[in-house]
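Below is one structure, written out as structure tokens; the observations come after it.
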Amino acid sequence: MINLWYDSSYFSGRMGGPEKLVKNLQSSLSDQKIPYTVNDDSYDKNILIQYDAIGHSRHEKLEHSSCFIGPQVWPFDPYGKFLLDNTKFYNKIIVPSKWVKDLMINKFSCPADKIAIWAVGIEELYSDRNITYDCLIYSKRRSSEELEEVKSFLSKHKLEYKMVEYGGYDENEFRDLARQARFCFLLNGTESQGIAVQEMMSLGVPLFVWDLRTWEDQGSEWSVPATSVPYWDDRCGERFYDIDDMQETFDNFYGRMDSYKPQNFVKDTLSYECSVKTLLEILNAD
């Protein structure tokens, strides 16, 4: 039913976000018994997962009305700009979350009806957790000063912590550390989806999030409202934006740690079943 197009040589060898997205997409399609091919034009729907020079070349050979492109589209390179300037050459661009859709519309003038929001499915990982320490710090694209504030805060409260930094761990190590932590202090940049964060949710780890309000990665000219946790509700934990609110928010969080059920949030909104259902709705909307 679906042809997936991507170039595996693009992957770094360590399980990063782009490769994880492909892995989870294929796992979710298999789980839901949806036929698919990889780099083979057998079915009537095409998803060009990554759109770069190779994706652009493949796109030229496919029926444009059947092409759904994304979510790995970088609107600042020549290929992303080509898509934004030539909306007639594809059905829709797929983006991972609402704030990315808003970026495409408000900063690149892409028509709203040419963009669809879809999050890749998250494996259901929940099992009995073996809690051996207090806090896992998950750090990604934040300042050293902010990280020191987090460490100082936890030390002041006599909470034992361990830390992982994005790009510096393997998947099994990360999952083991998450399972053993009572909670996670999330100090990450804005996320278009946040697969690693959502895996912690699936493991049942409550999150204490120092959130962000804007995406600033390309400078103030391209700044848009954004967040570190684009998929979230009150079951997942607590979040704050300003350091002055850290203590009060933490008091509320720590006092009701056992009441959070992030794994239920994942099951209800990000499971393989939910993800594939949304994807099929996008592909079959016309």
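The values are calculated or read from the model by the stated rules, or taken from the named source; none is laboratory data. None of the values given here were measured: they were computed from a predicted structure. When we count neighbours, we look across all protein chains shown, and the Cβ atoms used for this are built from the backbone with ideal geometry, even at glycine.
Listing for the model above:
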{"quantity": "Residue in the range 171-181 that is over 19 Å from K140 (Cα atoms) and surrounded by fewer than 19 Cβ atoms within 10 Å (Cβ to Cβ) present", "calculated": "yes"}
{"quantity": "Only one of T269, T249 that is under 18 Å from the mean Cα position of the chain (by Cα), of a type in the set (V, I, T) and surrounded by 16 or more Cβ atoms within 10 Å (Cβ to Cβ)", "calculated": "T269"}
{"quantity": "Any pair with Cβ under 7 angstrom, 6 or more apart, that starts in the range 258-272 at a residue that is of a type in the set (A, V, I, L, M) and ends at one that is part of a helix (DSSP H, G or I)", "calculated": "V266/Q198; V266/M201; V266/S202; L270/Q198"}
{"quantity": "Filtered residue count, the range 237-246, keeping only those that are without any contact (Cβ under 8 Å) to a residue 60 or more places away in the chain and either acidic (D, E) or surrounded by fewer than 16 Cβ atoms within 10 Å (Cβ to Cβ) (or both)", "calculated": "5"}
{"quantity": "Residues located in the range 94-141, provided they are basic (K, R) and part of a helix (DSSP H, G or I)", "calculated": "K98, K101, K107, K114"}
{"quantity": "Some residue of the range 197-210 being in contact (Cβ under 8 Å) with a residue 24 or more places away in the chain and surrounded by fewer than 17 Cβ atoms within 10 Å (Cβ to Cβ)", "calculated": "no"}
{"quantity": "Failed item, numbered, when Q193 is tested on (1) over 30 Å from S66 (Cα atoms); (2) crowded, with 18+ Cβ neighbours inside 10 Å", "calculated": "(1)"}
{"quantity": "Hits in the range 237-284 - residues which are part of a strand (DSSP E or B) and acidic (D, E)", "calculated": "E238"}
{"quantity": "Residue within the range 212-219 that is in contact (Cβ under 8 Å) with a residue 12 or more places away in the chain, buried (at least 17 other Cβ atoms within 10 Å of the Cβ), in the same structural domain as S155 (by TED's automatic domain parsing) and within 20 Å of the chain's Cα centre (by Cα) present", "calculated": "yes"}
